[in-house]
Amino acid sequence: MGLSPARRLALKVVRRVRERDSFAPEAMQSAVSRAQVSSRDKAFATRLAYGTIATRGTLNELVATELSRPDDTPGDVKDALAIAAYELFFENTEPYVVVNQGVELVRFATRSKTYSGLSNAVLRRLSEKRNQIFPGGDPLSNIAAAARLHGHPLWIAELLQEEYGAEAAGRVMAVNNEPAPLYVAQLPFLQSEKQSIIALEAAGIEWESAGIQGALLIKNRAQFWALNPTQRKSFVAMDLAAQQVVALCGVRPDQRILEVGSGRGMKSLALAASARRLGGPASLIGLDLHDFKTKVAQRAAAEYGAQEVSFVTLDVRKASAKEYLENQAGQSKFDTVLVDAPCSGLGTLRRAVDKRWKLQPEDVNQLAQLGLKMLNWSSQFVVPGGSLLYATCTIAEEENQKVVHKFLDSPQGKDYAIEPLGSNELAPSFSSAITPEGYLNALPQSEGPDGHFAARLKRKR
């Protein structure tokens with residue numbers, strides 16, 4: 001049995017991510033663009049590569065139990081063995097196929113037969129022990145077994161269990177291993193929403209309303225991305241949870257809006273679209289620390305003709321940021337300020353398959369401190385009676401509820417009160433995601449939205 005093209009392609013992606021610390025989607029796109037393989041092989045290669053990268057720490061741990069000197073084993077061999085182990089433990093591929101293709105993959109990776117005997121022995125022993133070592137206990141009573149079953153670092157599994165219970169933790173980790181659905185937001189700058197829907201349907205794209213105006217769930221994702229940019233020019237990929245955050249801002253025409261942490265600018269453009277749907281433009285400024293993201297956002301705004309939106313590279317921890325808003329921008333107060341805080345991304349791990357093993361427990365605390373600083377700084381620019389929204393794509397309480405509570409207990413937060421979110425403001429997908437305080441705290445859903453958090457605060461008059 002010769003080595004399958006899909007496994008060969010998956011190996012190239014896994015190796016590139018390991019050697020260059022590349023993002024998985026970029027590595028996959030690069031490999032696929034050079035590969036002459038069938039659509040079926042590309043799909044299988046994507047599943048293998050993404051699955052291996054997402055569960056790599058668990059796979060390394062399992063493989064290492066059968067290596068006498070794991071630290072001395074070449075990286076190329078470990079890459080091939082990890083892919084084979086992923087098939088064995090997460091794809092339930094027949095053991096004889098795993099052993100055969102795994103050995104062939106090691107030979108392909110090393111361009112020699114030097115490690116054929118080793119790889120054969122390792123994969124055979126893993127196959128024989130599969131039911132004993134995986135997951136290695138009851139996932140509902142043994143958190144280490146739950147982490148192993150779903151290919152997650154133990155600390156993430158423990159965090160989820162502590163905050164949401166063992167059953168919910170298992171569901172979240174299972175969702176993190178599923179492909180993410182494709183939600184898009186309509187941006188009615190270049191054509192009306194009716195025109196964009198007609199163009200979408202003319203291209204044979206199936207969709208359904210996602211419960212928020214302008215938010216669509218695309219049924220045939222591959223077909224959507226196969227469209228040329230002109231055909232999908234009025235849509236941007238944006239998870240429904242992110243679109244829900246935009247909707248909670250309640251933007252209206254002629255308002256002044258500030259987004260702190262605007263990134264590539266998609267939420268700012270969606271905020272501008274919200275105002276236009278109600279009859280006219282609002283004035284929006286997006287601030288971000290990273291200049292390359294600001295440039296991407298500026299180009300997008302120019303392409304859409306969204307003249308009411310501007311983006312600036314600023315570090316809100318420095319005095320120059322306040323000076324810019326008060327002097328150069330000519331806007332010292334805003335009707336709504338959205339703090340789109342940097343976070344661990346624990347609610348969106350299925351979209352960032354290479355992230356879960358890069359995160360460290362201390363990252364959660366450090367990012368929470370940064371989020372609090374951004375919230376404190378941003379609060380000074382809200383008009384009396386205006387709204388301050390704090391949003392993240394994490395589901396860790398330390399980065400979410402605790403940040404808001406610390407802000408409200410601070411001198412900067414004394415002028416603010418929680419404005420509870422109402423169920424009538426939320427899409428059906430989030431009907432059970434309102435906390436007793438009135439926050440949105442949504443866990444990632446199978447075939448549904450990502451995990452997000454949002455708190456809306458009102459400045460006292």
- Message: Sorting check: for 139-151, 266-278, which peptide has the highest mean count of neighbouring beta carbons within 10 Å, and how do the rest follow?
- Response: 266-278, 139-151
- Task: Return the sequence-ordered ³J(HN,Hα) values of the range 269-282 in whole Hz as given by the Karplus equation 6.51 cos²θ - 1.76 cosθ + 1.60 applied to θ = phi - 60°, using x for Gly and Pro.
- Result: 5, 5, 4, 4, 5, 4, 5, 5, 4, 8, x, x, x, 9
- Task: Place +1 on the Cβ of every Lys and Arg and -1 on the Cβ of every Asp and Glu in the chain, take the dipole about the Cα centre, and give the residue among Ser30, Ser234, Leu88 whose Cα lies farthest towards its positive end.
- Result: Ser30
- Message: As a quick test, which of the pairs Lys318/Lys373; Lys219/Lys355; Lys293/Lys458; Lys293/Lys318; Lys318/Lys458 have an alpha carbon distance above 21 angstrom in this structure?
- Response: Lys219/Lys355; Lys293/Lys458; Lys318/Lys458
- Query: Dipole of the range 349-461, Cα-centred, from +1 at each Lys and Arg C-beta and -1 at each Asp and Glu C-beta, to the nearest 20 debye?
  - Reply: 340
- Message: At 1.567 mPa s and 4 °C, plugging the Kirkwood radius over alpha-carbon pairs of the range 190-252 into Stokes-Einstein gives what diffusion coefficient in µm²/s?
- Response: 103
- Once both labels are modelled 7 Å past Cα along the beta-carbon direction, what's the Asn424-Asn228 spacing in nm? 4.7
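May I ask you to compute the full-extension gain from Glu26 to Lys194, defined as 0.36 nm times their residue separation minus their alpha-carbon distance, rounded to one decimal in nm? Write out the running numbers ahead of the final one.
On the way: separation 168, 0.36 × 168 = 60.48 nm, distance 3.34 nm.
Using 0.36 nm per residue and subtracting the Cα-Cα distance, I get 57.1 nm.
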- Whole number in Å², please: accessible area per residue of the chain, 1.4 Å probe, ligands, DNA and RNA not counted. 44
- Query: On full extension of the chain, what length is gained from Ala237 through Thr313, given 0.36 nm per residue of separation minus the C-alpha to C-alpha distance?
  - Reply: 25.0 nm
- Would you mind telling me the antiparallel percentage of the DSSP bridges in the chain, rounded to 5? 55
- Query: Which FRET efficiency value, to the nearest 0.05, is calculated for Ala174 and Asn327 with the Förster distance at 51 angstrom and r the Cβ-Cβ distance?
  - Reply: 0.50
- Could you list which residues have their amide H under 5 Å from that of Leu457, counting only those 5 or more apart in sequence or on another chain, with H placed in the peptide plane? Leu388, Leu389, Tyr390, Glu419
- Query: Going through the range 326-406, which trypsin sites (Lys or Arg not before Pro) have at most 11 other Cβ atoms within 10 Å and a DSSP loop state?
  - Reply: Lys358
- If you add up the charges near Leu338, with Lys and Arg at +1 and Asp and Glu at -1, over every other residue whose beta carbon is less than 9 angstrom from its beta carbon, what do you get? -1
- Message: I want to check the label-to-label distance for Glu163 and Tyr96. Put each point 7 Å from Cα in the C-beta direction and report it in nm to one decimal.
- Response: 4.7
- Query: So how compact is the range 64-155: Cα radius of gyration and Dmax in angstrom?
  - Reply: 13.7, 45
- Efficiency of FRET between Asn142 and Glu206 - r from beta-carbon atoms, R0 51 angstrom, step 0.05: 0.75
- Item | Net charge dipole size for the chain [Lys, Arg +1 and Asp, Glu -1 on Cβ; Debye, nearest 20] | 1100
- Query: Residues with amide H under 5 Å of Met238's amide H, sequence separation 5 or more or different chain, H placed in the peptide plane at 1.01 Å from N; which?
  - Reply: Tyr183, Val184, Ala185
- Note on the structure: Whole-percent carbon and sulfur contribution to the accessible surface of the range 325-372 (1.4 Å, no ligands, DNA or RNA) stands at 45
- Message: Please list, short to long, the whole-number percent of alpha-carbon pairs of the range 229-288 in consecutive 5 angstrom bins beginning at zero.
- Response: 4, 18, 29, 25, 17, 6, 1
- Task: Starting from the exponent 0.38 and prefactor 2.2 Å, build the expected Rg for the range 138-247 from its residue count and divide its actual Cα Rg by it.
- Result: 1.43
- Can you list the lysines whose alpha carbon sits under 17 Å from that of Lys233, skipping same-chain ones fewer than 8 residues off? Lys194, Lys267
- Mind listing the phi-derived Karplus ³J(HN,Hα) values for the range 112-119, rounded to whole Hz, using 6.51, -1.76 and 1.60 with θ = phi - 60°, and x for any glycine or proline? 7, 9, 4, 9, 5, x, 4, 5
- Note on the structure: With +1 on the Cβ of every Lys and Arg and -1 on the Cβ of every Asp and Glu, the dipole magnitude of the range 230-360 about its Cα centre, in debye rounded to the nearest 20, is 500
- Query: Using θ = phi - 60° and the Karplus curve 6.51 cos²θ - 1.76 cosθ + 1.60, what whole-Hz ³J(HN,Hα) does each residue of the range 289-296 get, with Gly and Pro shown as x?
  - Reply: 6, 9, 5, 5, 6, 4, 5, 4
- Item | Accessible surface ranking that places the most exposed of Asp71, Asp76, Asp291 first, with a 1.4 angstrom probe | Asp71, Asp291, Asp76
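With a Förster radius of 35 Å, plug the Cβ-Cβ distance of His290 and Trp155 into 1/(1 + (r/R0)^6) and report the FRET value to the nearest 0.05.
So the FRET efficiency works out to roughly 0.80.
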- A correct Stokes-Einstein calculation for the range 181-309, using the alpha-carbon Kirkwood radius, 4 °C and 1.567 mPa s, returns a whole-number D in µm² s⁻¹ of 87
- Separation in nanometres of the label points that stand 7 Å from Cα toward Cβ, at Arg34 and Lys414: 6.2
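Provide the net charge surrounding Leu370, with neighbours chosen by a C-beta distance below 10 Å and charges set as Lys +1, Arg +1, Asp -1, Glu -1. Please report the intermediate quantities before stating the final value.
Numbers: positive: Arg317, Lys373; negative: Glu399.
Net local charge, Leu370 excluded: +1.
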- Projected area, mean over directions - the range 286-402, Cα convex hull, nm²: 8.6
- If you keep only loop residues by DSSP, which trypsin sites (Lys or Arg not before Pro) in the range 291-327 have at most 14 other Cβ atoms within 10 Å of their Cβ? Arg317, Lys318
- Note on the structure: Of the accessible area of the range 1-107, computed with a 1.4 Å probe and all protein chains kept, carbon and sulfur make up a percent value of 45
- The whole-number value in µm²/s of the Stokes-Einstein translational diffusion coefficient for the range 340-449, with Rh from the Kirkwood sum over alpha carbon pairs at 25 °C and 0.890 mPa s, is 162
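The values are calculated or read from the model by the stated rules, or taken from the named source; none is laboratory data. As the structure is a computational prediction, the values presented were derived from the model and not from experiment. Positions of Cβ are backbone-derived with ideal geometry, glycine not excepted, and every protein chain shown enters the neighbour counts. Ligands, DNA and RNA are excluded from the accessible area calculation, which covers all protein heavy atoms including side chains. Shrake-Rupley method; radii C 1.70, N 1.55, O 1.52, S 1.80 Å.
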